[in-house]
Structures are given as C-alpha cells and as structure tokens.
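J.: Can you keep this structure in mind? I'll have questions shortly.
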Amino acid sequence: MAFRSAWIGLVCFLLGLSAQAAVINVAPSDNLQQYLNQAQPGDQLVLAAGIYQGNFIISQPVELSSEGGAILDGNQKGHVLKIDAAGSYIHHLNIQNWGVDLTTLDAGVFVSRGATGSRIENNRLQGGGFGIWVDATAGTQIIGNSIEGDLTMRSSDRGNGIHLYNVTGTVARDNEVWHTRDGIYIDTSNKNELVGNYLHDLRYGVHYMYSYHNLIENNVTRNTRTGYALMQSKYLTVIGNRSENDANYGILMNYITNSVLKDNQVIGVQNAHNPHMQQQTNLTGLEGKALFIYNSLFNELRGNLFAQSDIGIHLTAGSEQNILSGNAFVSNKEQVKYVATTTQDWSDAGVGNFWSDYLGWDMDSDGIGDVVYEPNDSVDQLLWKFPSAKLLLNSPAVETLRWVQRQFPVLKSPGVLDSHPLMTIPASLAARSALAPVLNREQWVEN
C-alpha cells in the first residue's frame, strides 16, 4: 500500500507540473534572462527570429527553442548559454560569438555539474572557444548539432567542438563538427557513447584520454591530422567507424588495453602532401599511418580495412599480445612497420588477414594461403633505422642481403608473420567498404 501511495503521489506531482507548464513567446526586444529567471519548471520558451545578445543562464528545467531564425550572441565573451538546471532541453537555436579564453572554458553551451539529463539538440554553433562543454555530470544528450570553429584562429588556440570532462552516460550522436581544434574530446569519462558523428577538417576527430567502457560507433572523420586518437584508455569498443583522407594517423592507439576494434575502415591516410589538408597550416612530419599501435596490449582487431595509405600498420614500444584476424590490408605503400624484439603471428584460430601484396598460393582451395606471409625482413628494419640507406634500395648489395636472409632463416630479425593469410577479402568486409567497386574490379572479393 505504501508503494502504491508513493507511486500515485509521484504521478499526481508530474501531472500537476505538466498542468502548470506554459508556452512563453519571447521577442528580441524582451529581456531573455529575465524570462529565464521567472520561468517555472517545465515551461517552454520560444524565441522569435532575431538577435539576443548576452550571456544567459538556465537555472530552471525549461525548454528553450526557436520558431526559426533566433540567434544567441555572446558578444565575444564568456559562455553564450550556461545550463545549471537538470533536465533542461535546448534545441533549434543559432549560437555564436562566445569567448575564446580556454582557461575559463568559454563555450557556446556550458553544461554544469548540476544539469544532469540535459538535452542539446539540432542547434547551430559557430565560435572560437569550446562549442559544447559538459562538466562532470551525467546523462547528457548531444544530438544533431552543427558546430563550426573559427578558421582565422590557430588550431591550437581554438576550443574543441564537443568537450566531455568526467561525464557518465553521455550520448553524442549525429553531430557535425569542423574547424575546431578536436571534434570530440573525452577526458576521464566512463560509459559514454559517440555514435554517427561527422568530424572533418580538424586536428583530431575523436580524442580519448583516461576513459573506460566507452562506445565509438559509426563515426566518420575526414581531412583531419588524426582521425581517432585513442590514448591512455581501457575497455573501448570501436565499431564501424571510417577514416578518410586523414594525414597523420587514421587510428592511433597509445596505451590502449582490453579494447575491441571491429569493422572499421581507414582509407587514404597520407603524409603532408595530402591535397585534402591544404586548409591546415604548419603540417610537417606527418606519417601517413592507417593504424599506429604504441605500447598497447590485450586488444582485439577484427574485420577492419586499412587501405591506400603510406603505412598500413605500425607497431612499436611493446605492443604485443594483440589479436589481429580477418582484417584487410589493401594497396598500402608499406603494409607493416614493426619495431620490437619478438615475433608476432597475426592469425587466430587458423584465420589470418588479407594482404593485397601476398604472392603465395592455395593448393587445397580452403581460402587460406599455403605460404606464411612475412611483410618485413632485416633489410626493412635496417632502412627504418637508417633512412638514408634507401638510396641503395635497389642496389645489388641490398638484393644480396635479402637473398642471404632467405637462404639462412636463422639470420632473420624478429618481426610479424601471418601463418594463415587469407586469399581473398572477406565478402562482408568488401561489401560495406567505400572501396567495394575497386575491390570487385580487382577480383579480391569472394564469389
């Protein structure tokens, strides 16, 4: 009976709150902050077209929206909109000209610690500081927003498009971010989801630091310096993402453990000569690596495509005990760069990876190559250590070294091998790839 009475009381309270809620129309000539201060929980404030100048604070859980053409302008200082109330709902607004002081966290929308369960949807933001900053709160929904940075500022001086600090249960979905510093930066945050975002013309598309148990799914990065910078994090699930024409790394794994990367596509990661990076200045020393794994262990990589990049995959600094199986390395200038002291076999349960430069054969037609694939030898490692030696790459001396190594395997340096290389790209991987027409034309796809 007590539970039933409490439930009836809660329903009555909610019905009463709904009955008290009002729709309030606001014009540019009105004092918007005064309306926000006087609003009751659940009220809906609808802004008429025009410019609303100031720095506004939501202290009651209200819905703030526009009938079309409303612009909140921060006059180049502070936050345009600060949300302090739990359950606030902000949508279909144009927000611009907030401050650019990164030490005071100037943002277009600043979600404070008390604003749990807030929703920020279908807004258009343009400014030099942080686009949306979510500060140590839970359950924020950031959906369908367009966030543009200030291209006249240096990249390092801009804020991030979406910055999540010490948050849980946040969902960032279907947002577009460009010309900020990083697209989505997530720091010390657990159990969040980044899904279906389009992140382009940035430093990093997605930037993870010290975060556990997060989902990164079906995002697209394009024309960034690094598509997905995953650093000092654990238990990440990275599924179905794309990196296209990024310049330095498509996916960077730096101190990543116990994570899964599956069904991702990294295409066209190239160095500073990448024509798609012309808008970004001072780009030197870029490495063009589809996947770079640094000091990362106990991870699982399956069904990923790494294609048309300067280097398909580079491992170093103790990146061992990772599972790589069912991936495809297609038309990379250099498939593998491996710097370590132990040999790694990249196959699992009799299934290796597809390599477009594999020259072996399959006599029993089981789809697995009969000859082990070894992408590198001692000569390659010598060239990595002494790049100037590339001048001798096609010389008789280098060819003699390679011949001696083949004849006397005991002289081989530790490296990567695939003992069960795939003869064709798995059909499911090729079908969902942007390279599907090319792959079919080259007859790399299973019939």
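The values are calculated or read from the model by the stated rules, or taken from the named source; none is laboratory data. Here the structure is a predicted model, which is why all the values come from computation and not from measurement. Quick reminder, even Gly has a Cβ in these numbers, built from the backbone with ideal geometry, and neighbours come from all protein chains shown. Accessible surface areas use protein heavy atoms only, side chains included; no ligands, DNA or RNA. Shrake-Rupley method; radii C 1.70, N 1.55, O 1.52, S 1.80 Å.
J.: With a/c under 1.5 counting as rounded, go ahead and sort region 111-167 into rounded, prolate or oblate using the C-alpha gyration tensor (a ≥ b ≥ c being the square roots of the eigenvalues; past the cut-off, prolate if a/b is larger than b/c, else oblate).
T.: The shape class here is oblate.
J.: From the Cα gyration tensor of region 21-155, with a ≥ b ≥ c the square roots of its eigenvalues, which class applies: rounded if a/c is under 1.5, or else prolate if a/b is larger than b/c, or else oblate?
T.: Oblate shape, in that a/c is at least 1.5 and b/c is the bigger or equal ratio.
J.: Separate question: May I ask you to rank Lys77, Lys82, Lys262 by accessible area, largest first, using a 1.4 Å probe over the protein chains only? Intermediate results must be reported in sequence, preceding the final value.
T.: Details: Lys77 120, Lys82 55, Lys262 95 Å².
Ranking Lys77, Lys82, Lys262 by accessible area, largest first, yields Lys77, Lys262, Lys82.
J.: To continue, here is another question. For labels at Gln53 and Asn37 in the simple 7 Å Cα→Cβ model, what's the distance in nm?
T.: Inter-label distance under the simple model: 2.0 nm.
J.: What number comes out for accessible area per residue over region 120-198 if the probe is 1.4 Å? Units Å², please. Kindly include the intermediate steps, with their values, before the conclusion.
T.: On the way: 2390 Å² over 79 residues.
Per residue, region 120-198 has 30 Å² of solvent-accessible surface.
J.: Then there is this: Determine the shape class of region 158-202: with a ≥ b ≥ c the square roots of the Cα gyration tensor eigenvalues, call it rounded for a/c under 1.5, and otherwise prolate if a/b is greater than b/c, oblate otherwise.
T.: Oblate.
J.: Determine one quarter of the surface area of the Cα convex hull of region 150-239, which equals its mean projected area, and express it in nm² to one decimal.
T.: Working: hull surface 19.8 nm².
For region 150-239, the mean projected area of the Cα convex hull comes to 4.9 nm².
J.: Could you tell me what percent of the accessible area of region 96-186 is made up of carbon and sulfur, with a 1.4 Å probe and every protein chain present?
T.: 45
J.: First measure r as the distance between the Cβ atoms of Thr316 and Ala86, then evaluate 1/(1 + (r/R0)^6) with R0 = 35 Å and state the FRET efficiency to the nearest 0.05.
T.: 0.15
J.: For the residue pair Thr104 and Ser428, what label-to-label distance in nm results when each label sits 7 Å from Cα along the Cα-to-beta-carbon direction?
T.: Taking the two extended label points, one gets 5.3 nm.
J.: Same structure again: Which of the pairs Lys77/Lys234; Lys191/Lys262; Lys77/Lys191 have their Cα atoms more than 28 Å apart in this structure? Walk me through the numbers on the way to the answer.
T.: On the way: Lys77/Lys234 37 Å; Lys191/Lys262 18 Å; Lys77/Lys191 33 Å.
Over 28 Å apart, Cα to Cα: Lys77/Lys234; Lys77/Lys191.
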